[in-house]
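To keep things clear, I will list the structure first and then write my remarks on it.
The values are calculated or read from the model by the stated rules, or taken from the named source; none is laboratory data. Quantities reported herein were computed from a predicted structural model and do not represent experimental measurements. Glycine gets a Cβ as well: all are built from the backbone with ideal geometry, and neighbour counts include every protein chain shown. Quick note on the areas: whole protein, heavy atoms, side chains included, nothing else; ligands and nucleic acids left out. Shrake-Rupley method; radii C 1.70, N 1.55, O 1.52, S 1.80 Å.
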Amino acid sequence: MFVVMARTAGEAEIIGVKSAILGEGLTPYDHAGAERTVIAVIGEIGARKADLMSRLGGLPGVESVTPISRPFKLTSREFHPEDTVIRALDAVVGDGSLTVMAGPCSVESRDQLFQTADAVAEAGATILRGGAFKPRTSPYSFQGLGVEALRDLAEARDRTGLPVITEVMEPNQVDIVAEYADILQVGTRNMQNFSLLMAVGRVARPVMLKRGFSATVEEWLMAAEYIISSGNPNVILCERGIRTFETYTRNTLDLSAVPLLRQLTHLPVIVDPSHATGKRALVAPLAIGGVAVGADGVMVEVHPNPDAALSDAEQQLTFDQFRSMMAQIVLVHDQVRGLRDAPREAALALGNGDGQGRH
Ligand code: PEP
Ligand code: MN
């Protein structure tokens, strides 16, 4: 549930409500909206619900108490109607502008990274990506250059001015990655690594949470809930494809998740057509599709010589292919940005869906 404070409520009344929540053994999480403060009540409420709602509703400065019908609370649009806007250096994600995260799958050398960083920056990317710690299916595959790659990424940021995003795989890597990177990425294989989610929830860096390749939208939002409830509200969601029976593509990009998430959550949504398809020729069409259905941007892999890449060779774009994709998605984004508010209005119409798709 969440407590909506009156517009006129002052600091003392807000503190009064928070203390009452703490006194129940629950955790208050406040969100200062443009007009008023809303305080979410987090924890196991159980049978106390009706009683608690009436007690909190009677406190000074409280306008109303509303139950949150879904299991995800802090990520829900019910609690936080305005879009979350995330900033990293000069990049802004979630404000209606087009975010383009681009760079190699893995940082392979300083030279490979710098060449790619210069090319994607020049073509209009807003954030530089590059893997330092690589979660590889095979222990015999290239595992990434680790801290050396983090240093190269930081230098590439100084060179281009682009903020840097890179994956963190374990709780004990969080501090070092946060020291060099501007945005931390939690990969698909770690979406439900709860100790990692809590660890990235405790640092002052935005986090991009990729969807687990077998996760439902609700499980994904519950994972984001771990990060936010640990103290970090700056979460970006990334749809990167889910596993289906189809084998011609690496995964299946769930484009329906994008407009669905716009209704369910206030968090920005990015689409990754590189890992979703695993095929270079499909990356631009699905980047266009992602932007067309309202994503805040895309993440794509780019390499100076994709065929020679040490990881994900088949899906990385050449510089020319990246430039041509950019030209296309910018056009599509210009066309759809005016429609941006429409899906959110439809949130009212979505009601309390039970998440059970019908066959
Ligand atoms: C990546 O973006 O480098 C990556 C490994 O992606 P995913 O976790 O989606 O497979
Ligand atoms: Mn990759």
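So which residues in the range 164-181 are touching a helix residue (DSSP H, G or I) at 6+ places or on another chain (Cβ under 7 Å), within 16 Å of ligand 1 (Cβ to nearest atom) and open to solvent by less than 20 Å² (accessible area, probe 1.4 Å), if there are any at all?
Residues satisfying the conditions are Val164, Thr166, Val168, Val177, Ala181.
Out of the range 203-226, which residues are within 20 Å of Val164 (Cβ to Cβ) and more than 16 Å from ligand 1 (Cβ to nearest atom)? Walk me through it before giving the result.
Just the residues of the range 203-226 that are within 20 Å of Val164 (Cβ to Cβ), to begin with: 203-210.
Within the range 203-226, Val203, Ala204, Arg205 qualify.
Listed here are the residues, each with its yes/no results for (1) assigned by TED's automatic domain parsing to the domain that holds Ser106; (2) more than 22 Å from the chain's Cα centre (by Cα); (3) more than 16 Å from ligand 1 (Cβ to nearest atom); (4) modelled with pLDDT of 95 or more.
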residue: Pro304; (1), (2), (3), (4): yes, yes, yes, yes
residue: Ala309; (1), (2), (3), (4): yes, yes, no, yes
residue: Gln315; (1), (2), (3), (4): yes, no, no, yes
residue: Arg323; (1), (2), (3), (4): yes, yes, yes, yes
residue: Gln328; (1), (2), (3), (4): yes, yes, yes, yes
residue: Val336; (1), (2), (3), (4): yes, no, yes, no
residue: Leu339; (1), (2), (3), (4): yes, no, yes, no
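I need the strands (runs of 3 or more DSSP E) fully contained in the range 82-160, keeping only those with at least 2 residues that are within 15 Å of ligand 2 (Cβ to nearest atom) and over 19 Å from Glu179 (Cβ atoms). Give the steps one after another, and end with the answer.
Values: elements: 86-88, 91-93, 99-103, 127-129.
Here the list reads 99-103.
Using the structure shown, decide if Ala224 is away from ligand 2 (no atom under 16 Å from the Cβ), hydrophobic (A, V, I, L, M, F, W, C) and either at pLDDT 95 or above or under 23 Å from Ala154 (Cα atoms) (or both).
It is true that Ala224 is away from ligand 2 (no atom under 16 Å from the Cβ), hydrophobic (A, V, I, L, M, F, W, C) and either at pLDDT 95 or above or under 23 Å from Ala154 (Cα atoms) (or both).
Being on the phi > 0 side of the Ramachandran plot and in contact (Cβ under 8 Å) with a residue 60 or more places away in the chain narrows it down to one residue among Gly131, Gly94; which is it?
Values: Gly131 fails: on the phi > 0 side of the Ramachandran plot.
Matching residue, one of Gly131, Gly94: Gly94.
Could you please find all residues in the range 285-302 being at negative phi and open to solvent by 10 Å² or more (accessible area, probe 1.4 Å)?
Passing the criteria: Pro285, Leu286, Ile288, Gly289, Ala292, Val293.
Could you check how many residues of the range 149-179 are without any contact (Cβ under 8 Å) to a residue 12 or more places away in the chain and under 19 Å from Phe114 (Cα atoms)?
Matching residues across the range 149-179 total 1.
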